[in-house]
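The values are calculated or read from the model by the stated rules, or taken from the named source; none is laboratory data. Quick caveat: nothing in here was measured; it's all calculated off a predicted structure. In this analysis, Cβ positions are derived from the backbone assuming ideal geometry, glycine residues included, and neighbour counts consider all displayed protein chains. Remember, those area values only see protein heavy atoms, side chains included, never the ligands or the DNA or RNA. Shrake-Rupley method; radii C 1.70, N 1.55, O 1.52, S 1.80 Å.
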Amino acid sequence: MTIDDQSHLKKEAENSTNPKINRYWIQRYDLFSRYDEGIQIDEEGWYSVTHEEIAIKHAERCRGKVVIDCFAGVGGNTIQFAKVSSSVIAIDIDPMKVKMAMNNANVYGVANHVDFVVGDFFSLAPSLKGDVSFLSPPWGGPNYCKVESFKMDMLQPRDGYSLFKIVQSITPNIIMYLPKNVDLAQLEEMAFLSSPPLTLEIEESCIGGKMIAITAYFSRNAA
Ligand code: SAH
């Protein structure tokens, strides 16, 4: 057994027994079907990565487009965008996440379709260009589901309203991946109050028939 194999086995033993990670680790093949081929995930990555089946659905809507993955994390969405879109800009503020996302995109053989950027989305926003902006910002940790109704101002690192305003200056097509208990009336209000108003489609994002999140697709009405 090589030293790499040994450290991999040690990491797997740690992940499977760490009480914070175990409930995500048991879903590892739902998160990345190629998990065993060298996927890297840190603690925040474990609880925030988009399930592969859902990421594939998000990507289907972006076929042939230039996608900006504004909060790319360890690359769950980025990888699926890279498979079907024209190109992907993947941004994360944490250099370790970007390193892992690059590694993971390599595992899937799609790294050369992605421009990886370490940086603060809010600082980069004025210089970004694309067709679709994909937003899966932090939901404030695993406790997001403890509230009855998740409000836009609970999104991190800035409230959802200002995030939405900023992203509209980049693209009119916006996809937001949000907690299942998000206040839908707030999303409708955001679409309606945009100038011009945007069309909003809500999708229940499910795994094994169970809703685990909401995806909101905002787009400009055809003229
Ligand atoms: N969709 C991703 C998960 C994203 S989790 C996946 O499937 O893997 C949210 C990410 O937002 C975290 O990795 C966090 O580091 C990043 N983030 C937080 N604040 C940010 C900012 N200001 N700019 C860019 N990325 C940020």
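May I ask you to list the residues in region 34-53 that are of a type outside the set (S, T, N, Q), out of contact with any Gly (no Cβ under 7 Å at 6 or more places or on another chain) and outside any helix (DSSP H, G or I)? Within region 34-53, ARG34, GLY38, ILE39, ILE41, ASP42, HIS51 meet the criteria.
So that you can scan it fast, the table gives a plain yes or no per residue for (1) near the ligand (Cβ under 9 Å from one of its atoms); (2) at pLDDT below 95; (3) open to solvent by less than 50 Å² (accessible area, probe 1.4 Å); (4) touching an Asp or Glu at 6+ places or on another chain (Cβ under 6 Å):
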site	(1), (2), (3), (4)
LEU9	no, yes, no, no
THR17	no, yes, no, no
ILE41	yes, no, yes, no
GLY45	yes, no, yes, no
GLU53	no, no, no, no
ARG61	no, no, no, no
PHE71	yes, no, yes, no
VAL84	no, no, yes, no
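Apart from one condition, PHE150 fits all of (1) touching a helix residue (DSSP H, G or I) at 6+ places or on another chain (Cβ under 9 Å); (2) open to solvent by less than 10 Å² (accessible area, probe 1.4 Å); (3) away from the ligand (no atom under 15 Å from the Cβ); (4) under 22 Å from GLU60 (Cβ atoms); the exception is (4). Annotation note: of ASN103, ASN77, ASN143, ASN112, the sole residue that is touching a residue at least 60 places away in the same chain (Cβ under 8 Å), surrounded by fewer than 17 Cβ atoms within 10 Å (Cβ to Cβ) and in a helix (DSSP H, G or I) is ASN103.
Screening ALA125 against (1) under 14 Å from ALA90 (Cβ atoms); (2) open to solvent by less than 30 Å² (accessible area, probe 1.4 Å); (3) part of a helix (DSSP H, G or I); (4) not charged (D, E, K, R) leaves a single unmet condition, (1).
Residue-level check: of (1) crowded, with 21+ Cβ neighbours inside 10 Å; (2) under 25 Å from ASP42 (Cα atoms), PRO95 misses just (1). Of everything in region 1-18 that is farther than 15 Å from TYR35 by Cβ and of a type in the set (Ser, Thr, Tyr), the residue that is nearest to the chain's Cα centre (by Cα) is THR17.
Whether a residue is among the acidic types (Asp, Glu), away from the ligand (no atom under 15 Å from the Cβ) and in contact with a Phe, Trp or Tyr (Cβ under 9 Å, 6 or more places away or on another chain) was assessed, and ASP131 does not pass this test. In this structure, is SER133 of a type in the set (S, T, N, Q), more than 25 Å from GLU43 (Cα to Cα) and within 16 Å of the chain's Cα centre (by Cα)? So SER133 passes the test.
Restricting attention to region 163-210, the residues that are over 22 Å from VAL67 (Cα atoms), among the β-branched types (Val, Ile, Thr) and surrounded by fewer than 18 Cβ atoms within 10 Å (Cβ to Cβ) total 1.
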